Amino acid sequence: MWAAEQDFLMLGTRFRIQATHAEHLEEPSRLLDPFDYGGRTGVRGRHTFSIAGGDLVGVREPGTAAVFRDCQRLHLGEGPDASLDALLATMNRLAVEECRDFAVHAGVVSIGGVGVAFPAESGDGKTTLTAACLLQGFAYASDEAMVVSADSNAIVRYPKPLALSQWSRNVLGMDTRESTEMGHAESYVTASQLGAELADPEFELGHIVLAEYGHGESSLEQAPAHEAMAALLRLSFNHYKDGERAFRLAARLATDAQVWRLRYGDPIQAAQLLRREISVA
C-alpha cells in the first residue's frame with residue numbers, strides 16, 4: 001500500500017512517515033533531511049505518520065491528501081503540501097515533549113563554534129531574527145528550541161525548517177520561490193536555502209541575547225545574568241520534569257554565558273550588529 005516511507009530521529013524520538021503516493025513524501029523528506037534516520041541507536045520512542053491520497057480516503061477532489069498519526073486523522077487538505085503544517089507541527093511538539101534534555105523556547109545560531117541563543121515567546125520575532133543571522137553568516141541550530149544535553153551539558157542542534165511569515169520574508173528581502181507555502185501565508189525554508197550551514201551537532205553556549213523588537217536603531221548592551229536565568233526557566237518546555245536540575249542548569253548557563261540586551265527594529269541590521277560585536281567579545 002505504501003509507495004514510499006522514511007524514518008527520522010528528532011531529539012531522541014523516532015518517527016516514520018509513509019505515503020501512498022511517493023510525491024507526498026518528497027517535501028517532508030527535503031525539509032526534515034537533517035533528521036534522516038541512519039541506523040543510530042538509543043531511540044526512545046516511535047510514532048507513525050501516514051499520508052494518504054484523497055482517492056483512498058473517500059474524497060474525490062483532485063490532489064487531496066490526508067495525514068494520520070498512529071491511525072488517527074490529523075488533517076485533510078488540498079494538494080500534497082497542504083498537510084505539511086499539521087504534520088511538522090505535530091512532529092515538533094512530540095519531539096520536544098518526549099525530549100529528556102532541558103529544552104527552552106529559543107532561536108539558536110552559532111558563529112566560530114560558539115552558540116548564541118534568543119530565548120523568546122512565540123510571536124516575538126525569534127525566527128525572523130534567527131533567519132537574519134543565517135543570512136549574515138551564522139550557522140543554524142534551531143528556530144524553536146535550545147536543547148541542553150543531559151549527558152554533556154552542551155547545546156544540541158535541532159535544525160527544524162524555519163516557518164517565516166510574509167512580513168518576515170519581506171523585511172529579510174528573501175526570494176522564496178523555492179520555499180514551501182503554508183496555508184496561512186507562511187513558508188518553510190531550510191538553512192541551506194538561506195545560504196547557511198548547520199551548526200555542529202553539539203557546541204557550547206557563549207551568548208544569551210534578550211531581544212526586544214520595536215525599536216529604531218539597533219543597540220546591544222550587557223544585561224544581568226539573573227534576567228537570562230529567569231528567561232530560561234520561564235520559557236522552558238520541560239523544567240517540571242526535574243525542577244532542581246533545571247534550576248541549576250539555567251543558573252550555570254546564565255552565569256557562564258555573556259548576556260546581552262538587543263533592542264532593534266530591523267532584523268538584518270540587528271544580525272549585523274551581533275556578528276560585529278559578539279564575534280570579538
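The values are calculated or read from the model by the stated rules, or taken from the named source; none is laboratory data. If you're wondering where the values come from, they're calculated on a predicted model, not measured in any experiment. Every residue, glycine as well, gets a Cβ built from its backbone with ideal geometry; the counts of neighbours run over all protein chains shown.
One table, with the values for the structure above:
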item: Criterion violated by A132 - all others in (1) surrounded by fewer than 24 Cβ atoms within 10 Å (Cβ to Cβ); (2) not in a loop (DSSP other than H, G, I, E, B) satisfied; result: (1)
item: Some residue of the stretch 43-54 being modelled with pLDDT of 85 or more, in contact with a His (Cβ under 8 Å, 6 or more places away or on another chain), buried (at least 17 other Cβ atoms within 10 Å of the Cβ) and not in a strand (DSSP E or B); result: no
item: Residue selected from the stretch 224-248 under the condition within 9 Å of F102 (Cβ to Cβ) and either small (G, A, S) or at pLDDT 95 or above (or both), by the criterion nearest to the chain's Cα centre (by Cα); result: S236
item: Total residues in the stretch 251-281, condition under 23 Å from the mean Cα position of the chain (by Cα), in a helix (DSSP H, G or I) and in contact (Cβ under 8 Å) with a residue 60 or more places away in the chain; result: 9
item: Qualifying positions in the stretch 84-126 - free of Cβ contacts under 8 Å to residues at least 60 places away in the same chain and surrounded by 23 or more Cβ atoms within 10 Å (Cβ to Cβ); result: G107
